[in-house]
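Here, each number is a calculation from the coordinates, and none is a lab measurement. Because the structure is a prediction, the values reported are computed rather than measured. Positions of Cβ are backbone-derived with ideal geometry, glycine not excepted, and every protein chain shown enters the neighbour counts.
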Amino acid sequence: MRDDLGGIGYGVVPETRGLVAAARRALADRPRVRAQLDECARRLDEPLRVALAGQLKAGKSTLLNALVGQDIAPTDATECTRLVTWYRNGAAPRVTARADDGARADVVVRRGRGTEGLPGAHGLTFDLSALRWNAPEPREVDRLEVEWPSAELARTTVIDTPGISSLSREVSARTSKLLTPSTSGTALPSADAVVYLLRRLDAADVDFLEHIGAGAGAGGPLGVIGVVSRADEIGAGRIDALHSARDVATRFAVELERTGLCQSVIPVAGLLAFAAATLRQREFAAFEALAAIPVDELGAALLSADRFARPESPLPVPPELRAHLVARFGLFGIRLAVTLIRLGVRDAHTLAAELTDRSGLDELRTVLDVQFAQRAEELKAHSALTALARILRAHPGSAADALFPRVRTLLADVHGFTELRLLGHLRADELPLPADDLAELQRLIGGAGVSPTLRLGLPPHTDLATQREAAMAAVRKWRARARHPLADQAMTNACLTAARSAEGLLEVLHEPPTTPFPALDPVRHK
C-alpha cells in the first residue's frame, strides 16, 4: 500500500484511525477521555511533531531558526526560553501563551535592534510581562504557541524545549513531561520524533535518551537523531573546526548507536547555518573587504572576538559592523566566509549556499527527510497508538478493553516500526556481512529513503517490471540468508526484516509473490 511519499504503509494509519474511532464510541460517556481520544485522532491529520531537546545552551533555538530559515525563536536566556514553545505554520505571525486549563493570552513580540540595514544580533523576544488572559483571573503560562507563515512548518511542527540540566528543576521537568510521560500516568506523549542536541556526551544526556526510550515500547518518540551542536566551537573557531566536530560526532555515534539511543549523529554549526540562511548583501560586502587584507594581518585580528571588534583596529569595516559579524557568524564563520571569497566566490547567493553546505545543515535536512519526513505517517501512527494504549490501560471496564490486544500487536509488529528500530542499530551492530550486503540491507529497509527505487538501488524512472524483478530477487536472497545455519538471532531478525521489506515492495508494485514464502515467525521477527 503506497503512502503519499511512495513508501510502504502496510495499512497502519487506516487501522489506527479505526481503533481510535472505536475507542471514542465505547468511551463516549467519559468527556475527559473522549477529549484525549479526539487528540489522538487529530494528530494523525496534523504535520509531524519534532521536538528539539538537549542540555542548557545547547543551541536549540538557533538550530530551529536555521531549519526554518527565519528569525522566529528567541535565543537569549529570557523567561520564554524556560517554557516549552510550539512552532506551527500560520497565516500570519502570532504568539499565544496557554495555561494548562486551556486559557489563552496574546504575547507581545519585540525585535532587537542591529546594525542599520541588517538583522539584529538578538533577534526576537517574547514579552510575557503584561499578558491579558481570556479568563477571569491571571494564569501561569504552561506553554507558548507560535504561528508563523513557513513552508517548513507546514510540513513539520517543531517543539522547542527548555534545557534538561537547567538550574531550576521545574524548568527541566517541563521537557521531561513532554517527552517522557510517566508510564503509570495518563499524560500522552506529545512528540513523534526528537532531535537531541549534544555539546558533549555525559551521563545526563545518556540518562535522558534512555528515558526517551527511542520508541522501543517505552511510550516515547520512535525516532531520535543526535546533533553535535555548536560544532564550530569544538575547534575553537579554527577553519578546520567542522572536521574536528565530525570526529567528535563519530565517537558519539559509536556510543549512542551501540545502545540504540540515536539513529544518526550529525555535526551542525547552527549559528553559521542560520547566518547563511539570512545573509545580507552588506555582510557579503564586509567579507569582501576583509578578504582583501593580507592573510597574516587578518589572522592576527581574528585571534579573539574582542580583538576583531576593537574600535581602534585599522580594518576596512566599521567596528559596529565587525561586532555584528561576530555575533551573527562567529569567528569560524568569518574565517570561512573570507576564505571562500579568496577562493573565488563572487556573490552573496553563492556564499550563502557554500556556508550552508559547510555548516552541516544540508546533511541534517537529508537525514531528517529520510528518517522522519518520509516516515511521517508511521511515526504519527506510532504516537497515536502509544497514546491509545495509555488511555485504554488507564480506563478499563468498558467495551474498549477488547481493542487493547490489537493495539499492543500493532505497536510490536508493524513492519515500519521494525525497520526504524533496525536502522537504529545497524551501523553499530556489525553484522557479519560483506560491506555491499550491509549497504543493500540498510537501503532495503529505508535507510536511504522509502520509495521503491531508492530501496532497491535503482534509477528513479526504472520501469515497474524491472522493479518487481529486483524486489523478488531481494526476497529470495534475504530469506535464504535468514535460513543460514550459522546465522545468530540478530542476523536472522535483520535478514527477515529485509525480506519483509522486499515483500512489501511487491505489494506496493501490485505484484504478489508467485511462489509461497515461509511465513514470518512472529516471535523471532519482533
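Taking θ = phi - 60°, what integer Hz values does the Karplus form 6.51 cos²θ - 1.76 cosθ + 1.60 yield along region 287-293, in sequence order, with x for Gly and Pro?
For region 287-293, the Karplus curve yields 5, 4, 5, 5, 5, 7, 7 Hz.
Normalising by the residue count of region 334-432, find the relative contact order in percent from Cα pairs under 8 Å and 6+ residues apart. It would help to have the intermediate numbers written out before the result.
Working: 27 pairs, mean separation 18.7, N = 99.
Answer for region 334-432 is 19 percent.
So if we plug the beta-carbon distance of Asp100 and Asp362 into 1/(1 + (r/R0)^6) with R0 = 60 Å, what FRET efficiency do we get, rounded to 0.05? Kindly include the intermediate steps, with their values, before the conclusion.
On the way: r = 39 Å, r/R0 = 0.65.
Using R0 = 60 Å, I get an efficiency of 0.95.
Taking θ = phi - 60°, what integer Hz values does the Karplus form 6.51 cos²θ - 1.76 cosθ + 1.60 yield along region 39-52, in sequence order, with x for Gly and Pro?
5, 4, 5, 5, 5, 5, 9, 8, x, 4, 9, 10, 9, 9
Ratio of Rg to Rh for region 8-90, alpha carbon only, Kirkwood? All intermediate terms of the calculation are to be shown ahead of the outcome.
On the way: Rg = 18.0 Å, Rh = 15.9 Å.
Taking Rg over the Kirkwood Rh, I get 1.13.
Determine, for Leu431, Leu379, the number of other Cβ atoms within 10 Å of each Cβ, and report the residues in order from fewest to most.
Leu431, Leu379
Full extension from Ile293 to His349: what is 0.36 nm times the residue separation minus their Cα-Cα distance, to one decimal in nm?
Values: separation 56, 0.36 × 56 = 20.16 nm, distance 2.24 nm.
17.9 nm is the gain from fully extending Ile293 to His349.
Show me the ranking of peptides 372-378, 92-98, 142-148 by mean Cβ neighbours inside 10 Å, starting with the highest. Write down the numbers at each step before the final one.
On the way: 372-378: 23.4, 92-98: 16.3, 142-148: 18.9.
Listed from highest to lowest mean packing, they are 372-378, 142-148, 92-98.
On average over all directions, what projected area in square nanometres does region 408-503 have, based on the convex hull of its Cα atoms?
Average of the hull's projected areas for region 408-503 equals 6.4 nm².
Can you sort Val141, Val195 from fewest to most other Cβ atoms within 10 Å of each residue's own Cβ?
Working: Val141 21, Val195 29.
Least crowded to most crowded, the residues run Val141, Val195.
If we sort 437-446, 199-208 on the protection proxy, mean other Cβ atoms within 10 Å, highest first, what's the order?
Final packing ranking: 437-446, 199-208.
Cut-off is 10 Å between beta-carbons; in what order do Ser264, Ser176 appear when sorted fewest neighbours first?
Details: Ser264 24, Ser176 18.
Fewest to most other Cβ atoms nearby, the residues stand as Ser176, Ser264.
Assuming 1.306 mPa s and 10 °C, estimate D for region 282-346 with Stokes-Einstein, Rh taken as the Kirkwood radius over Cα pairs, in µm²/s.
Answer, rounded: 138 µm²/s.
At R0 = 45 Å, how high is the FRET efficiency between Gln489 and Asp29 if r is their beta carbon distance? Nearest 0.05 is fine. Please list the in-between numbers first.
Values: r = 47 Å, r/R0 = 1.03.
After rounding, the FRET efficiency stands at 0.45.
Work out, step by step, the length gained on full extension between Ala435 and Ala130: first 0.36 nm times the residue separation, then minus their alpha carbon distance; give nm to one decimal. Walk me through the numbers on the way to the answer.
Working: separation 305, 0.36 × 305 = 109.80 nm, distance 6.10 nm.
Full-extension gain reported as 103.7 nm.
Check which residues have an amide H placed less than 5 Å from Gly54's amide H, if you skip close sequence neighbours.
Excluding prolines and chain starts, which carry no amide H, the hits are Ile164, Leu197.
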